[in-house]
Each structure stands twice: as structure tokens, then as C-alpha cells.
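The values are calculated or read from the model by the stated rules, or taken from the named source; none is laboratory data. What you are looking at is a predicted structure, and each value in this text was computed from that prediction instead of being measured. Cβ placement follows ideal geometry from the backbone for every residue including glycine, while neighbour counts extend to all protein chains displayed. Surface accessibility is based on the protein's heavy atoms, side chains included, excluding ligands, DNA and RNA. Shrake-Rupley method; radii C 1.70, N 1.55, O 1.52, S 1.80 Å.
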Amino acid sequence: MDSTVEAPRDVIPAQLLKGQKALVTGANSGIGLATAIGLGRAGADVAVNYVADRDAADRVVEEIAAHGVRAAAYEADVSKEDQVTAMMDRMVQEFGTIDILVANAGLQRDAGFTEMTLAQWQKVLDVNLTGQFLCAREATKEFRRRGVVPEVSRAAGKIICMSSVHQLIPWSGHVNYASSKGGVQMMMETLAQELAPEKIRVNAVAPGAIRTPINRSAWDTPEAREDLLRLIPYNRIGDPEDIAHAVVGLASDLMDYVVGTTLYVDGGMTLFPGFATGG
Ligand code: BGC
């Protein structure tokens, strides 16, 4: 059985990110939503990016603002260069700067290999990989312009790329998604190497199966849940807050010496659980 104990929401130290400005892409649902709220709980001011469903973004903004920090909703399609540059300009204008980018926006367009259309391939690469590239590039320009402000953070900026266990685990029927996340890993590591001398820290979080709308079919029937839990040694499906906690930690100076690392937050999914009884 999947344990149903509610995820703790009050474990985040309230001053950990005080005075920092964060942008979370795709923050109106799922992992992005929980992460934006987690950053707000940690004392950061948060820009909530969304591409559709303004109402949902507004609700996230309200919940963040209830923690006494600043929040705003910014519409932008992260795969469109002009929209990303406009969003970053607005962030700098309204928040003063950016300290933390969580490049989270992502989607799936699943199909067997020969049924997969070029449009499905392209859409996933555009949002999941090119979107992270564009947001990281624009954030880096601002980190570089501003440099380190010691009262705020030891780093000039932090980029956290939302990857997936599928940067490592091949995934039949999802070649576009798995390829995009493999790309995210190499992009993240290359940027980490390139930007570390400027005190810009680039890292990734690789979630396993987290209960969100993207994978509803994998957990919303008892049979599907049972199949899924067989892949998770820790025997529970992840909560979006599990990812939020990892992001808040990585973004903070507690992890200032962590550079170019992928933190797997997956209940052991990447431990080859099939080998627990075989091999
Ligand atoms: C995917 C989910 C999937 C999980 C584990 C994630 O990256 O978006 O659909 O359940 O990986 O396979």
C-alpha cells in the first residue's frame, strides 16, 4: 500500500531565502506550484510563470503572498524567445533582480515511436529543453550584471533545472520526453561548468513519480498504482512538496558548495528495483 500520510508543509525554515527573488516556470500546477509556494514559505519573493489558466496562477500568488512575501503571476510561453526576454525584463523591473531560477515548465506528448509525429517530438523538445535554455540564458545575464550580494547569498545566482529520472532511465513510448530530459542533464552540467567561476550555481532536481496531473493515469486507478509502486522501493508515490523541499534546499546557501549535481528525489526509483529479487 502507498502510504497516505500527508506531506509535511511546515518543515521549511521561514527565513532561509529571505530577500531573494525567485522565478518558477510552469508554477500554476503540479511540481511548479508546490515549489513556488515552498520558496515563498522560505521567505523568497516569487514570480509565478504560467502559459495558460491565469486563475490558477492567481491562486498560487495569493497563497504565496499570505506568507508575507511578494508574488506576481507572469504569462509567458517559455519556448518563445521574445516572451522569455519580456518576462525577465518585467521580473527585473518589478522585483529588482532575480536570484533563483527554477526552470520547471515541462510537458509530455506520449506516443509509440513510429506513431510519434514531428509536432509531438518538437513540442516536447521546445518546452522541456529549449525553454530551460532560454530562461537560464536570460537569468544568467541578470546574475552577471548584478554579481554577488553577500547579504543575500554567497552565490551570484542559482539555476535549478527540473529534470526527471528519465534523464537516466530509458522510457518506451516517451522518446521525446526522455530525450528532452537527457538533454537537460547535459545542458545543466555544461552550464554548471561554464558559470561556476562567476559564482552562478547550476543544479538539477530529478523527480520520480510525483502525484501531479502529468501522470494521473499512472496513479488514479488501484491497478495502475500497484504497477507504479513496484518501481518505487520506498513504496509511496511522491508528493509535489517532496520536490519543493529539494529545490528550496538546493537554492539556499546551505548547499552553496553543490555545483552541477542532479539530486534524484524518487523514492529509490533509480536503484533498479527489478534487481531486488532478480539478477
Ligand atoms: C514523468 C511522469 C512519470 C515519472 C516516473 C516523470 O518525469 O513526467 O509521468 O510518472 O517520470 O516515470
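For this structure, a couple of remarks:
- Unique match (being part of a loop (DSSP other than H, G, I, E, B), touching an Asp or Glu at 6+ places or on another chain (Cβ under 6 Å) and within 13 Å of the ligand (Cβ to nearest atom)) among Gly267, Gly173, Gly260: Gly173
- Ala192 vs. criteria open to solvent by 20 Å² or more (accessible area, probe 1.4 Å), more than 15 Å from the ligand (Cβ to nearest atom) and of a type in the set (Gly, Ala, Ser): no
- Flag for Arg54 being surrounded by fewer than 16 Cβ atoms within 10 Å (Cβ to Cβ) and more than 30 Å from Arg154 (Cα to Cα): yes
- Count - residues of the stretch 213-256 that are open to solvent by less than 10 Å² (accessible area, probe 1.4 Å), part of a loop (DSSP other than H, G, I, E, B) and within 15 Å of the ligand (Cβ to nearest atom): 2
- Neighbours by Cβ (under 8 Å, 6+ apart or cross-chain): first from the stretch 150-176, open to solvent by 10 Å² or more (accessible area, probe 1.4 Å); second in a loop (DSSP other than H, G, I, E, B) and within 12 Å of the ligand (Cβ to nearest atom): His166/His174; Gly173/Asp110; His174/Gln108; His174/Asp110
- Of all the listed residues (Ala178, Ala204), the sole one being part of a helix (DSSP H, G or I), hydrophobic (A, V, I, L, M, F, W, C) and within 16 Å of the ligand (Cβ to nearest atom) is Ala178.
- Every listed requirement among (1) surrounded by fewer than 17 Cβ atoms within 10 Å (Cβ to Cβ); (2) touching a Ser or Thr at 6+ places or on another chain (Cβ under 7 Å); (3) in contact (Cβ under 8 Å) with a residue 40 or more places away in the chain is met by Ile31 save one, (1).
- Test: residue in the stretch 131-142 that is within 16 Å of the ligand (Cβ to nearest atom) and assigned to a helix (DSSP H, G or I): yes
- Verdict on Arg41 being over 14 Å from Pro240 (Cβ atoms) and either in contact with a helix residue (DSSP H, G or I) (Cβ under 7 Å, 6 or more places away or on another chain) or not hydroxyl-bearing (Ser, Thr, Tyr) (or both): no
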